[in-house]
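A short write-up of the structure that comes next.
The values are calculated or read from the model by the stated rules, or taken from the named source; none is laboratory data. All values reported here derive from a predicted model rather than from experimental measurement. Virtual Cβ from ideal backbone geometry, glycine too; neighbours counted across all protein chains shown.
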Amino acid sequence: MTPKIDLLPILPELILIGIGIVVLLGGAIVKRAEPGALLAISLAGVLGAAAASIQLWNWHGGLTVLAGAVAADRFAVVARLVILAATGIGLLYGYHYFERSGEGKPEFYPLVLFAASGMTLIAAASDLIVVFLALEILSLSLYVLTGFSSRLGSVEGAMKYFLLGAFSSAFFLFGVAMAYGATGSTRLSAVSRALAGQTGSQALALAAVGLLAVGFAFKVSAVPFHMWTPDVYQGAPTAITAFMSAGTKVAAFAAFMRVFNVAFQPLTLDWMPLVWALAVLSVVVGSVLAIAQTDIKRLLAYSSVAHAGFILIGLSAPGQLGMSAALFYLVSYAVMILGAFGVVMLVSARGEDRTTIDSYAGLAKQSPLLAGLMALFLFSLAGIPPTAGFIAKVRVFTVAIGAGHWELALIGVLASVVAAYFYLRVVTVMFMQEPADDAEPDPSLLPRLAIVIPAVATLVLGVFPGLVTGFLDTAAVIRW
Amino acid sequence: MAWLSIVIFLPLVGIPVLLLWRGMTDTHARILAMVVMVADFVIALGALGAFDPTRSGYQLVEQVPWVRSVGLSYLVGVDGFSIWLVVLTTFMMPVALISSWSVTHKVRMYMGLSLLLETVILGSFCALDLLLFFVFFEAMLVPMFLVIGIWGSNRRVYASVKFFLYTMLGSAFILLATLFLYFKTGQQFDHASFDIRQMEQLSLAAITQRWLFVAFFVGFAVKVPIFPLHTWLPDAHTEAPTYGSIVLAALLLKAGPYGILRFNLDLFPEASRYFATSIEVLAVIGIVYGAIVAMMQTDVKRLVAYSSVSHMGFIMLGIFSLTPEGVSGAVVQMVNHGLSTGLLFFCIGMLYERTHTRDMAEMGGIADVTPWIAASFVVATLSSIGLPGLNNFVGEFLVILGTFSVDRVLGAVAVLGVILSAIYMLWAYQRTFQGKAPERLRGLSDMLPREFAAVIPVVAVMVFIGIYPKVVLDRVNPTTAGVVRWVRSVHVDQTGLPGGLRAVVQPAYTPPEDVAVAGTVRASRGTP
């Protein structure tokens, strides 16, 4: 029997890939294609995909389509929208970045769109094979994007990312095989049902849990699978780092939540210690190692590791509560990190010139706007009210305490104090030191406007989180 | 009328103007901030007028649901404690602003941060929702951090980071305890909330209460600061610009004892009794230690900073005497310390602006040159050492009275602190002002009109409270009586340490109708 083909729930991906191919061909056929036009088409594609996602909010068809391969739930809608927002801002950043550095190639736009399609697909994938496919689509695109510049660091980062990423993919695939061996299916709902009915030894299933967790932990940069993060974040062109840090984190966590809360829901008690350990290691190691960094991109990379830990603290509460808190954290994290890397891009002025923390000396004098925005993002990352980062932390700690993990909340709050130190250090350099040289930050207006979007979002989420928590709470239910 | 919301958020009105008005000069910015702050003071006086002095519960309460899914609401109100801190804040902010009138570096940002700071301080004194309080409490750090770090003196960056991290570390425990209480309200009532009126009715096992008490206490103790958590204070006070020192000493520090009065005593009465003696001992150590270290200083600003450690010890002592006199005295003392230390820092700021030194030896004899500054300093000094007829006398007297009624030894040591304060403050005056002025200090200007405009109101209020403290005490006493009775009334069954402490003994916080005036209720502390 051929399954009923219902393509509407994957319309966002179809649009992204379609537009990606159009832009790719356009860039190849038209000599010296105008980057502005490519950007416009790509952004139109992103907006179209967003519109296609929004209309899925009130989807009345089945829970999953295409023989159970893709879910059509609100969880996927929310994750897609966050990813698409990050993609849009990433495209704007990238356009500007490559125009100034002179390394622009038309392939940038389709690659970002392909990566975005992988990210959105993984958020909706409800079959382990589809999860893996989507993971590979996004990873392969990101490997190329990381090495997009001809600088040595960029190529080196891409190589590291690729080699380690290939390992993690292998782990992941092995985990998929184990899951199939244990349950006879790769469909998440079928895996879940099979596991719920099993008695006796579940060694295979547990091995699958472990291997899949390694794969996801790699993608979300949780300790001890975070080694690639600083090098890749530092090496990749800043615009791509911005897109990658926000998009990959959201996509990988979305898939993580779906796989573990659906397929391995019967084994919750078995994988919870894993989440616990990953969370503790990530917040502690990420926060402590960030202190020693002298490069702002590496600092943000380690802070990204720590934030993965905070999100995992939220996930230590099973079910809707944990997922809702984690989703809010992901939304907040995406806007903060996009904004922060946007400022980094503008301070570098051209390419990767000035990324040491020292080069931020006196930024408040050179560009009060950029320094103010950066301070906002850093305070939000540190979790100071009234910003998105504060509410996000409150929510994850609340659900962790509610789930009985008060020790996670304790470690979390203490790690935030450690983390506050290195964010503060950047603020002190910006506001309390005199400029070291007279290199000016990039004066362009367009990327500044692009950074104002996450800045406004950071404040609005901090002051009126109720605007989105309602949506997130309804979205944080995965039925199967 | 939404008195409190207007008082809290009025200062923010100035910020968009500062950001958007292109042609604004520095003078415009200063005047704008000044006008807003004075207007806010007038409204705060209106709130004081609307406050019913005979009631002990929360008044002028405003409640708006804010984030329903989190149970967070915008809930503000004042009682006899916080109304005075609100008035004190709006009164001292313009005074502090005048002290920085001559700052020329990034004036607009300075004024913007001052206005922001005023809002968050007022918010933390008015919030009755625990998370809302925490938002304001934590948000205080950012503007203060920037004020110290940008406009401070040589070691400003070190001092500002230390201030930030110390306080944040303390408040991390408060956050944790807050979330735990929230979780408990969800378990025990039909919906979870951060409303402290609801949290007061939680039944918590004695051991849980004690842990939560410690978490809150550590957070607030850093802010107070209580010995041995005080080490950030001398650095922050000394390195901060005059404005920062005044706001820190007069207002920010008050958030500590205020938090303990509001949250520790109200939420954990049994634990408050349990820990009272230990905290009193720490407070007395702080009084004596602060006084002795102050005596050793050569930097006049550092001296006043350590004197704050000593004075804040008195406030803690009063609170944990858990007697009506002690608690009322502590509240009055919070206001008094704000006034007298604020004035001291103001005088030091005036001197520093003229001489560019804080070393007492280098200033020696400056009274000849600047007699009015010397006179102001004398008034502040006399107030600070508790001369009868000035404000501090009232508070210290009540605190010592309260302490004596529970523990004579601690009371006696505290009295020693008063004597020590007379020694170091008068000696500081002598070293700074008396003698023959060195040649290089000749020709410095005495107080300017704007400085008179700041000093005269402060001195007037100090004298007024000293002579007629009834105005303050009448509004404080009903609340004090309610809180003290509350803390003492809640029993704990020593054999079983069961849950259901408060819910069993007293179903809800009911303010007593009969109003005890400080000095009339006399009972010793201890498990009833």
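A few notes on this one:
- Selection of the stretch A:231-288 for residues being over 30 Å from A:P447 (Cα atoms) and among the charged types (D, E, K, R) yields A:R258, A:D270.
- Residues located in the stretch A:89-137, provided they are assigned to a strand (DSSP E or B) and among the acidic types (D, E): A:D127
- Of the residues B:I207, B:I174, B:I150, B:I196, the single one that is over 30 Å from A:G404 (Cα atoms) and either facing chain A (nearest Cβ under 10 Å) or of a type in the set (V, I, T) (or both) is B:I150.
- Meets criteria (facing chain A (nearest Cβ under 9 Å), surrounded by fewer than 20 Cβ atoms within 10 Å (Cβ to Cβ) and within 24 Å of the chain's Cα centre (by Cα)) for B:L165: yes
- In the set (1) surrounded by fewer than 24 Cβ atoms within 10 Å (Cβ to Cβ); (2) in contact with a strand residue (DSSP E or B) (Cβ under 7 Å, 6 or more places away or on another chain), the condition left unmet by A:A125 is number (1).
- The stretch A:389-411 residues that are facing chain B (nearest Cβ under 7 Å), paired with ones that are among the acidic types (D, E) and outside any helix (DSSP H, G or I) (beta carbon under 8 Å, 6 or more apart): none
- In this entry, A:L369 is excluded by the filter for residues that are buried (at least 23 other Cβ atoms within 10 Å of the Cβ), under 30 Å from B:F134 (Cα atoms) and within 14 Å of chain B (Cβ to nearest Cβ).
- Subset of the stretch B:339-375 (residues that are surrounded by fewer than 24 Cβ atoms within 10 Å (Cβ to Cβ), among the polar types (S, T, N, Q) and touching a residue at least 40 places away in the same chain (Cβ under 8 Å)): B:T355
- Top-ranked residue in the stretch A:444-474 [being under 20 Å from A:I89 (Cβ atoms), of a type outside the set (V, I, T) and free of Cβ contacts under 8 Å to residues at least 12 places away in the same chain; ranked as nearest to the other protein chains (Cβ to nearest Cβ)]: A:L467
- Some residue of the stretch A:427-436 being out of contact with any Gly (no Cβ under 9 Å at 6 or more places or on another chain) and either within 13 Å of another protein chain (Cβ to nearest Cβ) or part of a loop (DSSP other than H, G, I, E, B) (or both): no
- Helices (runs of 4 or more DSSP H) enclosed by the stretch A:159-237 - at least 1 residues per element that are over 21 Å from the mean Cα position of the chain (by Cα): A:188-197, A:203-220
- Any hit, the stretch A:299-318, residues being surrounded by fewer than 24 Cβ atoms within 10 Å (Cβ to Cβ), out of contact with any strand residue (DSSP E or B) (no Cβ under 8 Å at 6 or more places or on another chain) and assigned to a helix (DSSP H, G or I): no
- Members of the stretch A:372-388 that are within 11 Å of chain B (Cβ to nearest Cβ) and aromatic (F, W, Y): A:F379
- Of the residues making up the stretch A:24-36, none is β-branched (V, I, T), surrounded by 21 or more Cβ atoms within 10 Å (Cβ to Cβ) and part of a helix (DSSP H, G or I).
- So B:L322, is it outside any helix (DSSP H, G or I) and either at positive phi or modelled with pLDDT of 90 or more (or both): yes
- Of everything listed in (1) in contact with an Asp or Glu (Cβ under 8 Å, 6 or more places away or on another chain); (2) farther than 21 Å from A:S149 by Cα, the single unmet condition for A:P35 is (2).
- Here the condition is being facing chain B (nearest Cβ under 7 Å) and farther than 28 Å from B:W211 by Cα; of A:L424, A:L414, it holds for A:L424 alone.
- Of all residues in the stretch B:290-310, none that is under 19 Å from B:K223 (Cα atoms) and without any contact (Cβ under 8 Å) to a residue 40 or more places away in the chain has its Cβ atom under 6 Å from the Cβ atom of a residue that is among the hydrophobic types (A, V, I, L, M, F, W, C) and part of a loop (DSSP other than H, G, I, E, B), 6 or more apart or on another chain.
- Selection from the stretch B:54-87 of residues that are surrounded by fewer than 18 Cβ atoms within 10 Å (Cβ to Cβ) and either in contact with a helix residue (DSSP H, G or I) (Cβ under 8 Å, 6 or more places away or on another chain) or within 14 Å of chain A (Cβ to nearest Cβ) (or both): B:T54, B:R55, B:G57, B:E62, B:V64, B:P65, B:R68, B:S69, B:Y74
- Subset of the stretch B:177-190 (residues that are within 7 Å of chain A (Cβ to nearest Cβ) and touching a residue at least 60 places away in the same chain (Cβ under 8 Å)): B:Y182
- Any chance B:I15 is touching a Gly at 6+ places or on another chain (Cβ under 8 Å), buried (at least 21 other Cβ atoms within 10 Å of the Cβ) and within 14 Å of another protein chain (Cβ to nearest Cβ): no
- Within the stretch B:126-147, tally of residues that are within 19 Å of the chain's Cα centre (by Cα), free of Cβ contacts under 8 Å to residues at least 40 places away in the same chain and either within 9 Å of chain A (Cβ to nearest Cβ) or at positive phi (or both): 7
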